[in-house]
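Each remark here refers to the structure printed beneath this line.
Any read-out appearing in this document is the output of simple, stated calculations on the displayed coordinates, not a laboratory observation. Here the structure is a predicted model, which is why all the values come from computation and not from measurement. Cβ placement follows ideal geometry from the backbone for every residue including glycine, while neighbour counts extend to all protein chains displayed.
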Amino acid sequence: MAVEPSNLIHWKDQVADKQARQKAAIPREWLITPVPEGKLNVMDVPETCGVLTHREIDITGVSDVAVLLNKLANAEWSAVEVTTAFYKRAIIAHQLVNCLTEIFVDKALQRAAELDTYLKEHGKVMGPLHGLPVSLKDQIPIKNLETTMGYAAWVGKYAEDDAVIVKLLLHAGAVPFVRTNLPQTIMWGETHNHVFGRTLHPYNRRHTPGGSSGGESSLISMHGSVLGIGSDIGGSIRVPAHFCGLYGFKPSSNRLPTYGVLNSLDGQESVPSAFGPLSTSLSGITTLVRSILDQEPWNYCPNTVPKPWTTDDYTLKERGGGKKLCFGLMWDEGSVKPLPPIHRALEVTKKALETSGHSVIEWKSSRHSEYVGLARSSFLADGSEDYNSCLTTGEPIINSMDPDADPNHVPAFRIPRAPLSAYHVWQLNKERKELRKMLLDRWQATVSQTGTGRPIDALICPVAPYPAVLHGQTRSSVYTIIWNTMDYPALIIPVTTVDPALDAKPTRESFWSEDDKIVYEMYDPEAFQGLPVGIQLVSPTLQEEVVLGIGEIVDAALKAAKPA
């Protein structure tokens with residue numbers, strides 16, 4: 001449909017206004033000398049550009065969130081200086097990889113000062129996240145700030161209240177301090193929109209940091225934040241975490257509160273999204289989840305399951321305290337073969353666990369194409385009416401994440417489907433119920449193989465068939481979306497990086513699918529060198545504490561296996 005010129009000017013004016021205000025929000029003394037476009041890896045720039053002091057480099061160099069929280073609680077570092085340090089580093093990162101949307105320095109520093117006063121007057125922290133700067137994906141409203149979610153039509157719309165999860169973060173003592181970029185419609189594995197542009201990967205700016213929580217992953221990878229919150233409906237926390245060498249966690253869909261957040265496909269409950277953390281440390285993931293659950297979020301969000309944090313589950317009390325666990329290992333899902341560095345990460349994990357006294361049995365993929373097909377049908381059930389309702393000022397829909405794509409070309413997978421009737425949606429829900437029952441029975445049946453007297457304790461599988469790819473080259477998130485369809489919690493643990501000497505490209509003459517062939521042909525070990533690779537750890541619905549407890553064991557085994 002042709003766009004009226006007046007409308008076209010209108011949406012571009014909205015974008016220009018927003019971009020100008022974002023730029024004006026950056027303190028001039030935090031601006032850096034532009035880095036040449038040819039410098040692909042920019043991970044060293046924050047510490048060499050001259051903007052950060054030595055103390056700020058020390059503060060933002062801490063990866064373990066537990067260590068940072070301890071220093072804040074002991075007043076070794078004040079909330080104001082920690083927030084200032086991370087804000088400066090976040091702004092540096094933004095100038096390099098374009099990861100931020102909302103910048104509100106004064107608001108964040110005022111909050112940090114209030115926390116310092118509280119600690120001084122009361123002699124105790126306000127809560128378990130006291131003084132910690134926390135970044136938020138740009139669909140989590142903060143009162144009196146815009147939440148555009150990458151839509152030009154939403155520029156100028158200010159939140160009248162905080163989302164429930166923001167209120168709980170504040171009560172826990174956190175300092176919300178930036179919001180991060182995401183793709184138009186959110187439903188992409190990359191990060192680009194007309195309002196804020198494209199987010200880049202800090203290890204190689206020709207590659208994508210993933211999506212839809214790509215602003216979070218890019219920012220946290222550069223230590224512009226150590227803990228952030230994203231959303232995940234098909235891999236949108238997990239793929240960015242894997243691409244950028246981070247820990248990421250998708251809980252079951254109704255474990256953490258979602259009331260007050262904005263979303264695409266809002267109201268679609270067949271395969272719902274979940275909100276969860278990304279972090280530089282597993283302690284950050286666990287602390288965030290526990291700090292929210294300890295506040296009984298079901299009293300504020302009607303969808304949240306009233307299930308308190310269960311320490312016995314986290315310490316694996318019913319699993320021998322974590323001694324001699326048995327893991328399932330899924331090497332592939334049957335349609336797209338993982339590239340060599342992905343396979344090696346699984347091998348490294350298997351060996352590390354076996355060396356630590358655990359056992360690993362093989363898990364064969366089964367009916368995963370049905371999981372994926374069901375999710376896609378659910379997401380497209382409205383015939384794209386939701387997307388179109390958000391493009392009210394003439395802003396065009398983005399049909400490809402490829403920077404060189406013809407904007408007028410609509411690939412087959414982006415052509416709107418006819419909307420489904422309520423009856424057909426019900427049939428999808430029935431199909432999902434049967435698939436979930438099938439998987440549950442299959443999981444329980446592994447008791448005959450584990451030797452522990454119980455089913456497998458967790459399943460290990462790839463996050464994606466590849467490390468971070470060039471912009472526009474992501475394929476279907478088959479390895480993550482299956483767990484959204486089943487509503488299983490999944491934790492991402494970083495394992496290694498691409499090494500051309502270890503991850504040579506094999507010769508293949510036959511392929512499982514067209515996507516399988518495309519993924520194989522895109523792989524160049526030298527071009528992917530140094531990019532992070534993680535694994536995915538999965539357990540059944542509402543076993544968040546179990547996944548996190550087992551994650552500690554897997555992470556410790558991997559660290560013990562690495563040479564000093």
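For a Förster distance of 51 Å, can you work out the FRET efficiency between the beta-carbons of residue 28 and residue 514, rounded to the nearest 0.05?
The value I calculate is 0.50.
Residue 246: net charge of surrounding residues, Cβ under 15 Å, Lys/Arg +1, Asp/Glu -1, itself excluded?
Summing Lys and Arg as +1 and Asp and Glu as -1 gives -1.
Give me the number: length gained by fully extending residue 430 to residue 409, i.e. 0.36 nm times residue separation minus the C-alpha to C-alpha distance, one decimal in nm.
Gain on extension, residue 430 to residue 409, equals 4.0 nm.
Can you return the aspartates and glutamates within cross-link range of residue 167? Criterion is Cα-Cα under 13 Å, with same-chain partners fewer than 8 residues away left out.
Once the sequence-local aspartates and glutamates are set aside, what remains near residue 167 is 296.
Check cross-link reach from residue 364 to the lysines: straight Cα distance under 23 Å, and skip same-chain residues fewer than eight apart.
By straight Cα distance, residue 364 reaches 250, 324, 337, 350, 351, 433, 437, 517.
Tell me the label only: which of (1) 140; (2) 198; (3) 155 is volume of the Cα convex hull per residue in Å³ as calculated from this structure?
Correct label, based on the coordinates given: (3).
With an 8 Å Cα cut-off and a minimum separation of 6 or more residues, compute the relative contact order for the range 276-362 in percent.
Rounded, it is 22 percent for the range 276-362.
What is the range 400-477's relative contact order, in percent, from Cα pairs under 8 angstrom and six or more apart in sequence?
37 percent
Per DSSP H run of at least 4 residues, take -39500 (n - 2.57); add these up for the chain, divide by its residues and hand me the 222 nm value, nearest 500 deg cm²/dmol.
Result for the chain: -11500 deg cm²/dmol, rounded to the nearest 500.
Please give the FRET efficiency for residue 559 paired with residue 438, using the beta carbon to beta carbon distance and R0 = 56 Å, rounded to the nearest 0.05.
FRET efficiency, residue 559 to residue 438: 0.95.
Suppose R0 equals 25 Å. What FRET efficiency, 1/(1 + (r/R0)^6) with r the Cβ-Cβ distance, do residue 417 and residue 305 give to the nearest 0.05?
So the FRET efficiency works out to roughly 0.20.
Working out 0.36 nm times the residue gap between residue 21 and residue 527, then minus their Cα-Cα distance, what length gain in nm do you get to one decimal?
Once the chain is fully extended between residue 21 and residue 527, it gains 178.5 nm.
Measure off 7 Å from each Cα along the Cα-to-Cβ vector at residue 67 and residue 388, then give the distance between these two points in nanometres to one decimal.
Rounded to a tenth, the inter-label distance reads 5.4 nm.
Determine ³J(HN,Hα), in whole Hz, for all residues of the range 132-144 in sequence, where each value follows from phi through the Karplus function 6.51 cos²θ - 1.76 cosθ + 1.60 and θ = phi - 60°; x replaces Gly and Pro.
With the stated coefficients, the range 132-144 comes to 7, x, 10, 8, 9, 4, 7, 9, 10, x, 10, 3, 6 Hz.
What percent does the relative contact order of the chain come to when contacts are Cα pairs within less than 8 Å and at least six residues apart?
16 percent
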